[in-house]
Amino acid sequence: MEKQINLIDLVKLYMRRWWVLVIGLVIGGIVAGVYSTFFITRIYESGGSLYTENQNDVLKQEVTDVNLNMITVRRELVGTYAEVLTSNTFLKKVAEESNLGYTHEQLLGMLNMSSKNETEILVIIVKSPIPQHAYIIAQTIMELAEEQISSVVEGGSVTLLDEPEFPTTFSSPNILKNTQLGMLIGLLLSLIIVFTIEMLDNKVKDAGQISNMFKYPVLGEIPYFVMGNKRNTSKKKVNLQEQQQVEE
C-alpha cells in the first residue's frame, strides 16, 4: 500500500526533523561562503561614461523641431558608437597604447558597453582580475574614444562625463549573496532528504498509524519486553540470597 501524507503531517514531520533543516542551512551557507571566498577569482571594474552626439543632428535641430524620431535616432547613435569602440581596429590601438600584453580579442572580452537608462550616455566598463589593468585600460579607451569616433562617424563626437576611477574593492563575486543562495539550496536539499526518507520508511511506529492506513480499529497490541542478560540475573539472585543470610 502506498504511503500517503497530507500537508499537516508534512509540517509535523519537518518540525520533528528541524535539526536536519538547520544543519542543511548551515552547511549550505558555509560551503557557498568558503567557495566564493577562496575559489572564485575576484573581478574588479573600472569605467566611465561618454555623452554621444552628432554635429549633423545639431544642424538639423536648428532648422526643424525636435521630435520623437530625432530622439530615437540619437539613442541609436549610442549603439553605433559602441560598435566603433569595440571594433578590432580600435581595440588594437588600445592594446598597443596600454602596453599590458593583452590582445584585442582579450580586451573585447573584458569590455561592457551600454546605454545609461536608454539615454544618449554611453557607459563603458572594463573588468579584470587585476585592478590596475582595469583602470589603465578604461583610461586608455576614454582618451582614444573621441579621436576614433570623429574619424569613423561623420560629424560624430563624444564628451567625457565620468572619468575612470581606480577600483578599491572587487565587484564579484558577491560573497553575501552567494552565501544566502547556498543556505537556501542547503535548506531545500534537507527538505527533500527528510521527505524522501519519510516516504521510504515502511516501519509501523504506533497503532494509530495502522488504523489510519487500513481504516480498521486496532483490537490489541503485543507489548515489547527487553530481556535482561542471564548472567546479570543470576548475579542478582546470588546477591539477594547473601543479603537474606546476613539479615538472619
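The values are calculated or read from the model by the stated rules, or taken from the named source; none is laboratory data. What you are looking at is a predicted structure, and each value in this text was computed from that prediction instead of being measured. Note that each Cβ is placed from the backbone with ideal geometry, even for glycine, and that neighbours are counted across all protein chains shown.
Applying the criterion of being of a type in the set (S, T, Y) and over 18 Å from the mean Cα position of the chain (by Cα) to the residues of region 152-188, the residue that is farthest from V31 (Cα to Cα) is S157. Each residue in region 105-127 was checked for being at pLDDT 95 or above and over 18 Å from E165 (Cβ atoms), and 5 of them qualify. Looking at region 143-161, can you tell me whether even one residue there is in a loop (DSSP other than H, G, I, E, B) and either buried (at least 18 other Cβ atoms within 10 Å of the Cβ) or of a type in the set (A, V, I, L, M, F, W, C) (or both)? The answer is yes, given that some residue of region 143-161 is in a loop (DSSP other than H, G, I, E, B) and either buried (at least 18 other Cβ atoms within 10 Å of the Cβ) or of a type in the set (A, V, I, L, M, F, W, C) (or both).
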